[in-house]
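The values are calculated or read from the model by the stated rules, or taken from the named source; none is laboratory data. Keep in mind that what you see is a predicted model, and the values were worked out from it rather than measured. Because the Cβ atoms are built from the backbone with ideal geometry, glycine has one as well, and the counts that use them run over all protein chains shown. Please note that ligands, DNA and RNA were not included when accessible areas were found on the heavy atoms of the full protein model with its side chains. Shrake-Rupley method; radii C 1.70, N 1.55, O 1.52, S 1.80 Å.
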Amino acid sequence: MQKKKMPKMLWFIIVAIVIIAFRVITNETAPQQQVTAITYSELIQMIDTGTITNVNLNESSNVIVSAISDDGSYYETQIPDKEIFLQFIQQKIVDGQSLDITINDSRKNTSFAGTTLNLIVWAYAILMVIMIVYQVKKLKKMFSTDFGNNSKSDGKSPSSNDTPSFISLFNTDLNYTEKVANSDVRFSDVAGLDEEKAELEEVVDFLKNPDKYTKLGAKIPKGVLLSGSPGTGKTLLAKAVAGEAGVKYLAISGSEFIEKYVGVGASRIRGLFKEARKNAPCIIFIDEIDAVGAKRDDAGRNSEHNQTIEQLLAEMDGFGSKRNVIVLAATNRLNSLDPALTRPGRFDRKISIGLPDIKGRRDILKIHSKDKPLSDDIDLEKIAYNTAGFSGAELENLLNESALIAARKVHTYITREDVDEALKKITVGLKKSGKVVSKKERILTANHEAGHALVSLFLPTQSTIKEVSIVPRGSAGGYTWHDSVEDKNYISKTEMQERLTVLLAGRAAEDIVLGDISTGASNDLEVATKTAREMIIYYGMDPDIGPISFNGSNSQEISFFGDTTLSNIGAKIKDILKEAEQKAKQLIIDNRSFLDKLAEELLKNETVTGEEIDKMFAEYKQKNSR
């Protein structure tokens, strides 16, 4: 491998730093004299008494520096009139007083070494300014003549011969050769995405048998856009396409195209596609494409972002289906992409990747548990049932956390208890069993969590309770853990209202039982306020405001619907929250004995399981039905 030479500009900067450092050090280490400031009258008096025997007159600034002969002390003052002062000194000398006077010009008192060093520093400063101006002009010229020409720049601008060394100081080069790889991932390694894999089978078949399509005049999509929440398997799916097709895989993040200097991002785009064409058939995978493909802004027409995305558009237009290069891109912000990027002819196909259903979660768990020893009491079907809303990455993390917990407990196998602990750690937070909690806080937390549990039991739309505890986890002093057993695509208005009632039940229980409220409900209030707001401005669930979605609207746009619309929305959100709190309070008052019993059980055992709560609730209902 050829050793890279250090850029000339960097040598200039290093030498300049050394010279400046030397100048600072010599100034710091130069001997300094202790000088005392005195008035002109004091100076005349000290000369009269013979205290001062030596006078040094600085002609350029009329500053007198006087030295005492016996102890070497120095004094300094400003004289009002040089001529009168010189006459006074001459008269003292004529009178026979022993007094030496020296007149010098500080402008001629600089040493040869100091003068030389100052000249060198100034020369270097001027030279650096000239070089920076020259390199900037050269850079502007290069980019102004290079935007439409792929042959002049391959994206490795800082290390290429035609790139100014000024840019190489900032290490903006990308080595695309190192990014090209073979993928060992197959569709069998991707679970829970059966429909998505079927959609991409065409792409795989085209890369394997391009003649099959070109003979019939068919054109395979130039680009496929994968959109979905983080952790749903977009990157894994792109690797699987390359692995199934047996072609090269060139992966890059959208953020790698973002640069401070205008034109660098565009040059990198050219380099990326040039490398892909050299390795065809090939798949280009751009992760987080929204970082480079976000909507353009007319205000910054010549900005780095606009030029980069325009180069990407040009490159996707510039290669046809015969080149056997397909672009896969991933984003979780589809709406932020520029419309010119997502139109047919560029990203022709858009595949939405959602969260896996129960069958998908089970299959994902099977894949990630292959290399993990599981005990007989673990049922992957049940784990999948209890992890509704988990992405593939979260399921992988769940099993990994379970393995770590099992290793910490020196288990031979991963047990159901390990998985439950990992699930609580992920959804609720890290257990803080060693934290010291006062008796007062334990009582408050017990009543707070008992309030959540009680109200939840009386509302039919709410999930069953899995566990209630007053053991601190994460930032919470306690928790009420519900089962996540349903894959929901829609939520009804009634369910959202009852969810608000459960959220505010903890605060309501504190108020009723203890006659006071605490900051423990801060997160409940935050979630409740957000939910109530979404009901009004997103889903149009208030009959007075009407079936209108204000999603993304600012206050000025909302006022289009009436001057009082904004204040009415705020009032409706408050009404929804107050109504939910009142309902929670009424349920707690009507069933106070059950609340007290559950809180007492929590104080006694710290944790109560869902089965134990169901048993207590059944006994309570049976007793009250008599």
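Observations on the structure shown:
- Atom-type composition of the exposed protein surface of the range 459-506 places 47 percent of the accessible area on carbon and sulfur (1.4 angstrom probe).
- Dipole magnitude of the range 399-451 about its Cα centre (Cβ charges: Lys, Arg +1; Asp, Glu -1), debye to nearest 20: 320 debye
- Ordering of 236-242, 409-415 by packing is 236-242, 409-415, highest average first (other Cβ atoms within 10 Å, averaged per residue).
- Reciprocal mean inverse distance between Cα atoms of the range 445-485 - Kirkwood radius, Å: 10.5 Å
- Probing with 1.4 Å while keeping every protein chain in the model, the per residue accessible area of the range 367-452 equals 56 Å².
- Across K440/K585; K530/K578; K431/K621, pairs whose alpha-carbon gap is larger than 24 Å: K431/K621
- Percent accessible area from carbon and sulfur atoms, the range 554-607, protein chains only, probe 1.4 Å: 49 percent
- Take the Cα radius of gyration of the range 373-483 and divide it by 2.2 N^0.38 Å, N being the number of residues; the result is 1.18.
- Alpha-carbon centroid distance for the pair the range 446-524 / the range 332-374, whole angstrom: 32 Å
- Radius of gyration, Dmax [the range 335-408; alpha carbons; angstrom]: 17.6, 54
- Long-range HN-HN contacts of I414 with modeled amide H, under 5 Å: L374, S375
- Under 13 Å, Cβ to Cβ, from T412 - net charge with Lys/Arg +1 and Asp/Glu -1: 0
- The range 470-625 shape via C-alpha gyration tensor axes, a/c threshold 1.5: prolate
- Note on the range 211-280 and the range 611-626: Cα centroid distance 60 Å, given to the nearest whole angstrom.
- Excluding ligands, DNA and RNA, the accessible surface per residue across the range 206-291 is 36 Å² with a 1.4 Å probe.
- Around K604: net Lys/Arg minus Asp/Glu count, Cβ-Cβ under 14 Å: -3
- Under 13 Å, Cβ to Cβ, from E396 - net charge with Lys/Arg +1 and Asp/Glu -1: -1
- In a simple Cβ point-charge model (Lys, Arg +1; Asp, Glu -1; nothing else charged), the range 554-626 has a dipole of about 340 debye relative to its Cα centre.
- Per residue, the accessible area of the range 468-626 comes to 58 Å² when a 1.4 Å probe rolls over the protein heavy atoms.
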